[in-house]
Amino acid sequence: MASLRDIKSKINSTKKTSQITKAMQMVYSAKWSRGVMSAKAFVPYMEKIREVTASIAHGSKGIAHPMLQARPVKKTGYLVITSDRGLAGAYNSNVLRRVFQTIQSKHKSNDEFAIIAIGRIGRDFFVKRGMNVVQDIVGISDLPVFADIKDIASSTVGMFADGTFDELHLYYTHYVSAIQQDVTGQQLLPLTDIGTSTKLMSYEFEPSAEEILEVLLPQYAESLIYGALLDSKASECAARMTAMKNATDNATELINSYSLIYNRARQAAITQEITEIVGGAAALE
């Protein structure tokens, strides 16, 4: 049985741990609320640029932009968004498991796919398994701005345009609520379904539709990546907040359990001492 000193040491160390997890919970609670606000604030922009892009693409006859047309798939690109650190519950493992299973079921060799990793956890996961990571970025803020990923978003869209891969799929964690975040996978390029769920409007524009789409379609694809990143970061902060709350609650339960054991052991020691004193006194009579 552990000594009173050992039990007291466990209580103190667990209290220190709970203080850390409680502080982290408060930090990510603040980041979570701001992250959700940023993700929601970006939605109207996404809806408008989708409407404009779809209206121009489908409202003008004879347009055959490469980003709007499916082509034979020789190589598939996967853009995967994870975090740079752990301590986020199943946030990273869920999306990585989904992507890994998809790749294993669809491809027989590394030559058939390419991975663009946003986040150190995802990058390290695929590199350790010898999978084809062609580009990665780490160190993105929990409250990112578009400038943080402009280069990788632009180069990713560019790799589709130059034929490095023939379709691009995006995998990230979609924020539903503070306790629910769902892994989401969608085809990012080509934009074959851009007008299927969008109300088309009539616009007057200058110069030609081809010239506008030449600029607008890459921007739209890059915006989809940024929107997914905002969504994913909100999910990450929520997952961290929940994980730290659970850790704090577990630490509190351990402290209560250790305290009960400590008090019982202390009471037993006191009882033993009293018994010995009474026994000694009785022996002297």
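The values are calculated or read from the model by the stated rules, or taken from the named source; none is laboratory data. None of these values were measured; they are calculated from a predicted model. Positions of Cβ are generated from backbone atoms using ideal geometry, with glycine treated the same way; all protein chains shown enter the neighbour counts.
Out of all the residues in the stretch 69-79, is one or more within 15 Å of the chain's Cα centre (by Cα) and within 23 Å of Ser177 (Cβ to Cβ)? No, because not a single residue in the stretch 69-79 is within 15 Å of the chain's Cα centre (by Cα) and within 23 Å of Ser177 (Cβ to Cβ). For Ala70, the conditions (1) surrounded by 19 or more Cβ atoms within 10 Å (Cβ to Cβ); (2) closer than 18 Å to Phe160 by Cβ; (3) aliphatic (A, V, I, L, M) all hold with the exception of (1). Regarding Ile270, is this residue assigned by TED's automatic domain parsing to the domain that holds Ile149 and of a type in the set (Val, Ile, Thr)? In short, no. Kindly establish whether Leu229 is assigned to a helix (DSSP H, G or I) and exposed (fewer than 15 other Cβ atoms within 10 Å of the Cβ). Here the answer is no, as Leu229 does not meet what is asked. When Val127 is tested against the conditions (1) touching a helix residue (DSSP H, G or I) at 6+ places or on another chain (Cβ under 8 Å); (2) farther than 30 Å from Ala30 by Cβ; (3) β-branched (Val, Ile, Thr), the lone failure is (1). I'd like the residue in the stretch 182-215 that is exposed (fewer than 14 other Cβ atoms within 10 Å of the Cβ) and polar (S, T, N, Q) and, out of all such residues, is modelled with the highest pLDDT. Once the filter is applied, the top-ranked residue is Gln186.
Check off (1) touching a Phe, Trp or Tyr at 6+ places or on another chain (Cβ under 8 Å); (2) without any contact (Cβ under 8 Å) to a residue 60 or more places away in the chain for Ser93 and give me the number that stays unchecked. Condition (1) is where Ser93 drops out.
Exactly one residue out of Ile81, Ile103 is in contact with a helix residue (DSSP H, G or I) (Cβ under 8 Å, 6 or more places away or on another chain), of a type in the set (A, V, I, L, M) and assigned by TED's automatic domain parsing to the domain that holds Lys150: that is Ile81. Only residues that are in a helix (DSSP H, G or I), in contact with a strand residue (DSSP E or B) (Cβ under 9 Å, 6 or more places away or on another chain), touching a residue at least 24 places away in the same chain (Cβ under 8 Å) and within 24 Å of Cys237 (Cα to Cα) were counted in the stretch 96-122, giving 5. Examine the stretch 260-281 for a residue that is modelled with pLDDT of 90 or more and more than 20 Å from Gly122 (Cα to Cα), and state whether such a residue exists. Yes, there is a match, as at least one residue in the stretch 260-281 is modelled with pLDDT of 90 or more and more than 20 Å from Gly122 (Cα to Cα). Taking the criterion of being among the basic types (Lys, Arg) and modelled with pLDDT of 90 or more, the only residue of the stretch 37-57 that qualifies is Lys40.
Looking only at the stretch 136-168, filter to residues that are acidic (Asp, Glu) and assigned to a loop (DSSP other than H, G, I, E, B); which one of those is nearest to the chain's Cα centre (by Cα)? Outline the logic, then answer.
In the first step, residues of the stretch 136-168 are kept if they are acidic (Asp, Glu); the result is 136, 142, 148, 151, 162, 166-167.
Restricting the remaining residues to those that are assigned to a loop (DSSP other than H, G, I, E, B) gives 142, 162, 166.
Numbers: Asp142: 10, Asp162: 29, Asp166: 26 Å.
This residue is Asp142.
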